[in-house]
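**Q** Shown below is the structure under consideration.
What follows draws every value from the coordinates through simple rules; no lab data is involved. These numbers were taken from a predicted model, which means no experiment stands behind them. Counting neighbours? That spans all protein chains shown, and the Cβs are built from the backbone with ideal geometry, glycine included.
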Amino acid sequence: MPDILLQPDRSQPAHPIHLVAPDGYDAWLGTQPARVRAALAAQRFSGKAGSHAVYADDDVQAVVVAGAMGPWTLARVADALPAGTYRVASDIGPAALGWLLGQYRFERYRQAEDPTARILLTADAAGIDETLRIAAATALVRDLVNTGAGDLGPAELEAATEQLARQHGATVTVTRGDSLATGYPLIHAVGQAAVKERAPRLIELAWGDPAHPRVAIVGKGVVFDTGGLDIKPSAGMRLMKKDMGGAAHALALASLVMAARLPVRLHLLIPAVENAIAGNAFRPGDVLRSRLGPTVENTNTDAEGRLILADALTKAGESKPELILDFATLTGAARVALGPDLPPLFTDDEALAADLLAAGTALDDPLWRLPLWDAYDEMLKSDIADMVNAPDGGFAGAITAALFLRRFVPKGVAWAHMDVFAWRPGAKPGRPKGGDAYALRACYAMLRQRYPR
């Protein structure tokens with residue numbers, strides 16, 4: 001996303017934007033010259049929330065936008081206004097982010113329909129870099145998720161991690177293919193049926209002073225999910241390019257942590273696999289041993305995300321972090337319970353839950369806490385192994401998946417699991433249809449609060 005869309009206000013020529021609260025529109029209108037009142041009346045503009053009007057004021061094109069101040073206040077007009085430079089008379093605050101995100105376009109596969117830029121001037125020069133970083137991180141999630149699986153496999157996730165490492169002076173370690181069989185057997189089992197060029201791998205990035213508190217970020221990187229031998233129907237497979245949305249979130253959050261140079265020792269882990277179908281695909285009924293040691297009876301090859309996360313969480317815990325965050329497009333049950341916009345948050349840590357929920361509310365990036373209900377843990381019992389990966393019956397699917405993951409997190413470590421959708425089924429201001437970031441800004445704000453510079 002080009003930096004030009006947000007610039008410091010140095011009194012450059014610009015079209016004025018007036019932000020007006022809907023209940024204050026009549027009072028604002030009364031302060032305007034007769035020609036302005038007449039121009040707005042001719043457009044039948046009434047100051048309804050979310051609406052805007054363009055008019056001439058002293059031969060200068062001006063804009064009035066009605067709505068409460070928030071991140072999406074300017075998002076709609078950023079997409080609708082003519083190209084040019086604009087200035088908001090009042091403090092724009094979080095609305096600058098919506099201005100940037102409202103102009104996002106995914107143009108990998110087609111020519112840009114609207115190559116013009118709308119530039120916003122802001123007096124908050126100190127906040128420009130931070131706003132641009134958050135917009136760029138959100139765009140990274142969108143770009144990765146929107147990319148077709150034929151163009152984004154495990155190797156491309158590895159390349160994206162390498163690119164971040166070069167930008168921030170981090171190091172990357174990758175364990176690939178059959179090398180996973182002994183150290184990361186669950187990741188190997190899920191990804192072994194893919195062709196050689198799309199071999200499974202565990203991608204790790206390390207950054208920061210080893211003396212600082214250790215923070216691990218884990219992201220599910222299933223680049224395409226057929227469902228395995230428990231194959232999905234065509235409708236269920238249609239959007240499975242987005243099943244690496246957890247990895248996209250993890251990469252984006254890691255980029256924010258490193259760009260802000262938070263005083264942490266960051267450990268990013270992305271188990272990257274394709275859940276493909278071949279003669280060597282893992283099977284229903286197979287008993288798999290995890291890196292941690294306990295065995296898992298595979299009752300559903302379409303419950304593969306929790307398997308690869310189990311080995312990655314185990315690895316993360318071996319470095320004794322004080323905090324682990326994981327992101328995963330894990331369960332359809334989460335969508336049934338909360339819909340696409342509201343990612344469930346699972347954690348046993350009350351302080352962490354409070355911090356994340358508060359940040360999500362403050363930033364209009366909400367989460368909703370669901371319980372790690374201990375009584376449902378017995379649903380993971382197996383007759384022949386230490387546990388199953390997917391209980392029969394389908395009850396509490398998001399909760400039992402989180403309980404499965406919890407078994408691989410060291411006791412005493414603060415841990416939060418976000419079951420994100422990573423996809424927006426319908427457009428909203430600043431949030432186009434397609435890949436999108438959920439809970440990213442909330443998690444970043446929580447980390448900034450916990451680890452101030």
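**Q** What is the set of long-range amide H partners of R289 at a cut-off below 5 Å, with H atoms built 1.01 Å from backbone N?
**A** Sorted by chain and number, the residues that satisfy this are V296.
**Q** Please provide three numbers in whole Å: the alpha-carbon extents of segment 222-323 along the principal axes, with the largest listed first.
**A** 46, 33, 17
**Q** Could you work out how far the C-alpha centroid of segment 376-437 sits from that of segment 283-323, in angstrom?
**A** 13 Å
**Q** Further question: Report the dimensions of segment 122-246 along its three principal axes from the alpha-carbon atoms, largest first, rounded to Å.
**A** 56, 38, 23
**Q** Which residue, chosen from V215, T175, A96, occupies the Cα position most advanced towards the positive end of the dipole of the chain, where the dipole is computed from +1 (Lys, Arg) and -1 (Asp, Glu) charges on Cβ about the Cα centre?
**A** Highest projection toward the positive end goes to A96.
**Q** Would you work out the Kirkwood radius for the chain? I mean one over the mean of 1/r across all pairs of different Cα atoms, in Å.
**A** 23.2 Å
**Q** Based on the Cβ-Cβ distance from I4 to A34, what FRET efficiency comes out when R0 is 30 Å, to the nearest 0.05?
**A** The value I calculate is 0.25.
**Q** Now for a different question. Run through all the Cα pairs of segment 3-123 and give the fraction in each 10 Å bin from 0, expressed as whole percent.
**A** Computed distribution, short to long bins: 13, 45, 32, 9, 1.
**Q** What is the local net charge at S46, summed over the other residues whose Cβ is closer than 14 Å to its Cβ (Lys, Arg +1; Asp, Glu -1)?
**A** Overall, the nearby charge balance is +1.
**Q** Within segment 64-108, name every residue whose backbone N is under 12 Å away from a label modeled 7 Å from Cα of A117 along the Cβ vector.
**A** Hits in segment 64-108 for A117 at 12 Å: 84-85.
**Q** Compute the angle between helix 397-406 and the longest alpha-carbon principal axis of the chain, please, reported from 0 to 90 degrees and rounded to the nearest 10.
**A** That helix lies at roughly 70 degrees to the long axis.
**Q** Send over the per residue convex hull volume for segment 355-432, Cα only, as a whole number of Å³.
**A** Hull volume over Cα atoms, normalised by residue count, gives 130 Å³.
**Q** First measure r as the distance between the Cβ atoms of Q12 and V195, then evaluate 1/(1 + (r/R0)^6) with R0 = 60 Å and state the FRET efficiency to the nearest 0.05.
**A** Between Q12 and V195 the formula returns 0.65.
**Q** What's the angle, to the nearest 10 degrees (0 to 90), between helix 154-168's Cα axis and the longest principal axis of the chain?
**A** Rounded to the nearest ten degrees, it is 60.
**Q** Sort 18-28, 262-272, 206-216 by the packing proxy (mean of other Cβ within 10 Å over each peptide's residues), most packed first.
**A** For the peptides 18-28, 262-272, 206-216, the packing ranking is 262-272, 206-216, 18-28.
**Q** All other residues with a Cβ under 11 Å from the Cβ of R76 taken together, and with Lys, Arg as +1 and Asp, Glu as -1, what is their net charge?
**A** +1
**Q** Oh, and also: Taking the simple approach of a point 7 Å from Cα along Cα-to-Cβ for both I277 and F106, what is their distance in nm?
**A** For the pair I277/F106, the computed spacing is 2.5 nm.
**Q** In addition: With unit charges on the beta carbon (Lys/Arg positive, Asp/Glu negative), name the residue among T329, F346, P33 whose Cα is farthest towards the positive pole of the charge dipole of the chain.
**A** The one lying farthest along the dipole's positive direction is P33.
**Q** Take the cross-link list K48/K242; K232/K320; K196/K381; K241/K411; K220/K411 and give me the ones stretching past 31 Å between alpha-carbons.
**A** Distance filter (> 31 Å) returns K48/K242; K232/K320; K196/K381; K241/K411.
**Q** Further, regarding this structure: Short version: ³J(HN,Hα) in whole Hz for each residue of segment 190-200, in order, from phi by Karplus 6.51 cos²θ - 1.76 cosθ + 1.60 (θ = phi - 60°), x for Gly and Pro, what are they?
**A** Rounded to whole hertz, the list is 5, x, 5, 7, 6, 5, 4, 5, 10, 4, x.
**Q** Right, something else. State the Cα centre-to-centre distance between segment 165-188 and segment 191-236 in whole Å.
**A** Cα centres, segment 165-188 to segment 191-236: 10 Å.
**Q** With angles folded into 0 to 90 degrees, how steeply does helix 440-450 sit against the dominant principal axis of the chain? Use alpha carbons for both and round to 10.
**A** 80 degrees
**Q** Treating the beta-carbon of each Lys and Arg as +1 and of each Asp and Glu as -1, no other charges, what is the dipole magnitude of the chain about its Cα centre, to the nearest 20 debye?
**A** Result for the chain is approximately 520 debye, rounded to the nearest 20.
**Q** Considering only DSSP beta bridges whose two residues both sit in segment 134-450, what percent are antiparallel, to the nearest 5?
**A** 45 percent
**Q** Also, quick follow-up: Find the relative contact order for the chain and round it to a whole percent, using C-alpha pairs within less than 8 Å whose residues are 6+ positions apart.
**A** Taking the mean separation of contacting Cα pairs over the length of the chain, I get 15 percent.
**Q** Summing Lys, Arg as +1 and Asp, Glu as -1, what charge do residues with Cβ under 13 Å from the Cβ of M418 carry, M418 excluded?
**A** Summing Lys and Arg as +1 and Asp and Glu as -1 gives 0.
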